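Peer 1: Quick one: this structure, given as structure tokens, is what I'll be asking you about.
The values are calculated or read from the model by the stated rules, or taken from the named source; none is laboratory data. What you see is a predicted model; the values in this text were computed from it and never measured. Cβ coordinates were reconstructed from backbone atoms using ideal geometry, including for glycine residues, and neighbour counts include every protein chain displayed.
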Ligand code: ADP
Ligand code: MG
């Protein structure tokens, strides 16, 4: 009879196998738990549920939801979650602020958990968002509700060192990303595996599927496995069959929970439009803000330059409400900072481009104002959706020029209930003189005004609906005067601009564009285009090698342009091509020489001098060595000196001896090679062993599950610990990046870096001997630049 193992009575000296018995028990329970969950999901019909607790969810997700105080499901969540849990593709359409984020994040966690996904399985879910801010917001929600899970998740949105993201990417199970940055990783991150992705989510799906992101998205999808689940969400959902085919959707469930509703916008939203002539726009906005100092507002404009101009001028007019501005060309750390500030603010006015039009969930916004009309009804719906979120109330005001009134009719046909309002005469005031004063005092501000003017005209010229938006019907001269300019800058190159093409260029990934030498913006901000097309006489002038006619002001612009690849000077770009390389060094360096046996090498450049410090390089220049043999006294001799001729001849002819020598040496090299290879193989083996060991350790950690906080691989940003949020790292990165000179209207934090950069680049710009003496000089120069 085999000896039976008896459990001792006292707990103090347990036998060794108790531990493994406990592990087995735990494993069995886990298996049972998984089976139970699968059965619950299979049998779940999804009908008549109101609470998250009624869903067949893992206890981790349920706990995450409970801790985040989510109890009752919204309509879209009630419909989409059960379907997605059953493995179906979902096309979810529901109004802004109706809880779409949870409708896809809950299934993402559940699907991966039920597939027993571990940190070792790599990337399992990809969530794509059109903007960095929205991706960050989605990631924050994921962290909240996924805190009890053992997955690792990360943000891949750019604005950070590619290398940091690359390292972290290999460890991520769930990635929330922007399309451009993801594509860049696919291009540049070795070993990035997307062929195991189980779930693909597109938030703001119609935006990601539209022309702007078309190529980028197609390239990403090409790398994903065909067998995967796809979840698409938006307030303005695409139903285009070709789009769905592009994604490989066959039997997707289309869920439009608010299709029967009388309005496409939230019920608590009051919407108005006001007809204002273009020159009156800023006056009206100013008066409006003055009358709503206790509110929280978002003001949409069509381009970054306008946002900057209005922000800078209104700031100096001391309106009496904290002003903020946000656009896609700010530093990432500034973007994060401003988003956080506006989220936390009770009263504030945020001037912004469409970078915040979609998805962002700023709490308690009272007003959404659209100073410039959106590109279409969809964009309108998303912009106004920044207020009246999740059953709250809000108001929206759209400014339309008299020639644009038809836009309001278009909105009505899209089920947008909007009413016309007028402005009280008593509230009217003009800020034209104040603006003129500001621009007169500050040429930089005037230059910004000119850029803003040009970009506004451009934004109108790329509007899709040519019936509504007609540049030729706008009073451009009066508009220029109204914003403080002395006359309308002349604009070239506005014809034949294809809006779709513009978007495509704008949304192409920055990193890849840099490789291709193109220039534009990420995140579609209504302003871009091929810079190469527009060449001014100043371009040609700068390309000349003997420039000494630029004023200090214009030299700054050139310098600025070179230093900041993101600058938006679509019409003002000055390429200094060929300048640096062609100009001979003005100072003749006395030439040095270096003597090596049999040669004298002239050192005619610093590069050569540096190169010759390397022994390896030097060895190449020296004559080939000769073989010496040492005698008994240690004296060196040439071979033939120690060998008499007869003996030499005995050994065979010189040629056979040479052959023999070569053969022997060849053999020796081969042996050494085999040995080297063996060594390399062992090293590889060792590395693999270490990797496996590490993996096993990690697995052990994950195996511990949620037993102890210190062992759980939490849903943290790829930076590591909770506190290691984006901003901190980015600051480090930004310090290392070359920066252009800070303009007075930019954030103070850039000052140090800008000075550094200015120091570096100063020597490359030839400044004018004479600065413009009077206003006319400046005016002429600046308007000339815009030709
Ligand atoms: P959408 O993506 O549809 O515009 P979000 O997912 O951003 O909407 O959600 C809007 C707001 O509603 C968020 O502040 C979110 O926290 C809240 N929310 C979402 N679902 C629920 C829910 N089930 N219960 C309570 N609040 C919710
Ligand atoms: Mg959303």
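Each row is one residue, and each column tells you yes or no for (1) touching a helix residue (DSSP H, G or I) at 6+ places or on another chain (Cβ under 7 Å); (2) assigned by TED's automatic domain parsing to the domain that holds residue 334; (3) modelled with pLDDT of 95 or more; (4) within 16 Å of ligand 2 (Cβ to nearest atom).
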{"position": "118", "(1), (2), (3), (4)": "yes, no, no, no"}
{"position": "122", "(1), (2), (3), (4)": "no, no, no, no"}
{"position": "126", "(1), (2), (3), (4)": "no, no, yes, no"}
{"position": "129", "(1), (2), (3), (4)": "yes, no, yes, yes"}
{"position": "148", "(1), (2), (3), (4)": "yes, no, yes, no"}
{"position": "153", "(1), (2), (3), (4)": "yes, no, yes, no"}
{"position": "162", "(1), (2), (3), (4)": "yes, no, no, no"}
{"position": "190", "(1), (2), (3), (4)": "no, no, no, no"}
{"position": "201", "(1), (2), (3), (4)": "yes, no, yes, yes"}
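Peer 1: Does residue 57 satisfy the criteria of being within 16 Å of ligand 1 (Cβ to nearest atom), more than 14 Å from residue 176 (Cβ to Cβ) and in contact (Cβ under 8 Å) with a residue 40 or more places away in the chain?
Peer 2: yes
Peer 1: Here's a follow-up. Go through the range 221-265 and give me each residue that's part of a loop (DSSP other than H, G, I, E, B), within 16 Å of ligand 2 (Cβ to nearest atom) and modelled with pLDDT of 90 or more.
Peer 2: 235, 236, 237, 257, 258, 264, 265
Peer 1: Also: If I ask for residues that are under 30 Å from residue 382 (Cβ atoms), within 38 Å of the chain's Cα centre (by Cα) and not in a helix (DSSP H, G or I), which ones from the range 421-450 would you list?
Peer 2: Listed by number, the list holds a single entry, 431.
Residue-wise test of (1) within 16 Å of ligand 2 (Cβ to nearest atom); (2) farther than 24 Å from residue 379 by Cβ.
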position: 40; (1), (2): no, yes
position: 60; (1), (2): no, yes
position: 74; (1), (2): yes, no
position: 79; (1), (2): yes, yes
position: 92; (1), (2): yes, no
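Peer 1: Let me ask another. Of the residues 345, 340, 373, only one is more than 18 Å from residue 135 (Cα to Cα), surrounded by fewer than 24 Cβ atoms within 10 Å (Cβ to Cβ) and either in contact with a strand residue (DSSP E or B) (Cβ under 7 Å, 6 or more places away or on another chain) or without any contact (Cβ under 8 Å) to a residue 12 or more places away in the chain (or both); which?
Peer 2: 345 is the lone residue from the list that is more than 18 Å from residue 135 (Cα to Cα), surrounded by fewer than 24 Cβ atoms within 10 Å (Cβ to Cβ) and either in contact with a strand residue (DSSP E or B) (Cβ under 7 Å, 6 or more places away or on another chain) or without any contact (Cβ under 8 Å) to a residue 12 or more places away in the chain (or both).
Peer 1: Confirm whether residue 165 is assigned to a helix (DSSP H, G or I) and closer than 21 Å to residue 137 by Cβ.
Peer 2: So residue 165 passes the test.
Peer 1: Of everything in the range 94-103, what is out of contact with any helix residue (DSSP H, G or I) (no Cβ under 7 Å at 6 or more places or on another chain) and near ligand 2 (Cβ under 9 Å from one of its atoms)? Give them in sequence order.
Peer 2: Correct list: 97 only.
Peer 1: Now a separate question. Quickly run through the range 352-370 and pick out the residues that are in a loop (DSSP other than H, G, I, E, B), more than 16 Å from ligand 2 (Cβ to nearest atom) and surrounded by fewer than 24 Cβ atoms within 10 Å (Cβ to Cβ).
Peer 2: Matches in the range 352-370: 364, 366.
Peer 1: Could I ask something else about it? If I go through the range 73-111 residue by residue, how many of them are assigned to a loop (DSSP other than H, G, I, E, B), in contact with a strand residue (DSSP E or B) (Cβ under 8 Å, 6 or more places away or on another chain) and more than 10 Å from ligand 1 (Cβ to nearest atom)?
Peer 2: Summing the residues that are assigned to a loop (DSSP other than H, G, I, E, B), in contact with a strand residue (DSSP E or B) (Cβ under 8 Å, 6 or more places away or on another chain) and more than 10 Å from ligand 1 (Cβ to nearest atom) in the range 73-111 gives 3.
Peer 1: Here's something else I'd like to know. Take the residues of the range 155-174 that are in contact with a strand residue (DSSP E or B) (Cβ under 6 Å, 6 or more places away or on another chain) and within 19 Å of residue 60 (Cα to Cα): which is nearest to ligand 1 (Cβ to nearest atom)?
Peer 2: 174
Peer 1: Output the number of residues of the range 371-385 satisfying the condition of being within 16 Å of ligand 1 (Cβ to nearest atom) and part of a helix (DSSP H, G or I).
Peer 2: 7
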